[in-house]
Amino acid sequence: MAPLGDGGAAPAANNLVVSFGEMLIDFVPDVAGLSLAESGGFVKAPGGAPANVACAIAKLGGSSAFLGKFGDDEFGHMLVNILKQNNVNSEGCLFDQHARTALAFVTLKHNGEREFMFYRNPSADMLLTEAELNLDLIRRAKIFHYGSISLIGDPVRSAHLAAMRAAKAAGILCSYDPNVRLPLWPSPDAAREGILSIWKEADFIKVSDDEVAFLTKGDANDEKNVLSLWFDGLKLLIVTDGEKGCRYFTKDFKGSVPGFKVDTIDTTGAGDAFVGSLLVNVAKDDSIFHNEEKLREALKFSNACGAICTTKKGAIPALPTVATAQELIAKAN
């Protein structure tokens, strides 16, 4: 498959979103509500927030690429094939012969919320070096999207910072979804410090209400706490509030957009479906940062995408299409 945004599809290159970071395998218990120890069987699901976002974008008809490192093993090759099957440009993907692809065991409690246990010591995604970065791919993007897991340790941390510098130097929008995963960090304080260390480099940030509470050590519903995360130069701050919807903050306006009621089975990937949907819209038209009506319309669509993603197990298999999102919106009207 020709990489997206190449050859005949040149105009789409202007809308390219490059996602940077980790892709791994989530092993999800086949029976919800049990602990890992109690679970008898597990279903294998591709995961990793930046990769989920890349797939969400492509599934919604956007142009996306993934940049990261995999083990040169069965799982690594399977994951890169999943990217290709989902129309994600994989030219930024590398294989490491000396490290394994990361695994995560994810338990679903009765309410669909998750607990994680990770196998990464170190996994291939942590070993990406600055010298291995496909900077040409980054410079072709309209948006460079990343999380915080790649900030936990070197060499990938240095690669992450170099990729961000290259994106900023080329005038590319930087999108940050910290995706707090405390079990991976040495301590909660290290996580807070690491996540905030690149906070002011982003143009667009999405955080969940839980992440606001963690980062500010305060009530996520208190706007004062949310606004302590604001800084000059930020174009858009989004706080997702689960099924309640989301809140948005820009220099000129702020507000909230209600969510959609669905039968939640698994919340894995819901935030990634939300972000992917929003990035498709920003890549198409970045006047959305200054036009409240356009932003609200895009956020309603993103809320629908996030909601649909919770109705099936796993992240990538549950990602919505434009048609399923429109259907949910029409039903709710």
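Every read-out reported here was derived from the displayed coordinates using simple, explicitly stated rules and does not represent laboratory data. All figures in this text were calculated on a predicted structure; none of them were measured in a lab. Virtual Cβ from ideal backbone geometry, glycine too; neighbours counted across all protein chains shown.
Annotations
- Given +1 at the Cβ of Lys and Arg, -1 at the Cβ of Asp and Glu and no other charges, the dipole of the stretch 220-333 around its Cα centre is 140 debye to the nearest 20.
- Peptides 134-146, 320-332, 78-90, ordered by how many other C-beta atoms sit within 10 Å of their residues on average, highest first, read 134-146, 78-90, 320-332.
- Dipole in debye (nearest 20) - the chain, about Cα centre, beta carbon charges: Lys, Arg +1; Asp, Glu -1: 520
- Simple spin-label estimate for K44 and D210 gives 2.7 nm between the two label positions (7 Å along the Cα-to-Cβ direction from each Cα).
- Protection proxy ranking of 215-228, 176-189, 304-317 - average other beta-carbon atoms within 10 Å, highest first: 304-317, 176-189, 215-228
- Residue among I329, T101, L60 farthest towards the positive dipole end of the chain, charges placed on Cβ: I329
- Shape category assigned to the stretch 223-333 from the gyration tensor of Cα positions, a/c cut at 1.5: prolate
- For the stretch 31-108, GluC sites (Glu not before Pro) are listed when DSSP marks them as loop and at most 13 other Cβ atoms sit within 10 Å of their Cβ; the list is E38.
- The stretch 103-232 - charge dipole about Cα centre, Lys and Arg +1 at Cβ, Asp and Glu -1, debye rounded to 20: 320
- Extension gain for S35 to K84 (0.36 nm times residue separation, less C-alpha to C-alpha distance): 14.3 nm.
- The distance between label points at E91 and K251 comes to 3.4 nm (points 7 Å beyond Cα on the Cα→Cβ vector).
- The ellipsoid that matches the Cα gyration tensor of the stretch 20-332 has semi-axes, each √(5λ) in whole angstrom, of 26, 24, 20, with the longest given first.
- Ordering of 58-71, 246-259, 149-162 by burial proxy (mean other Cβ atoms within 10 Å per residue, highest first): 58-71, 149-162, 246-259
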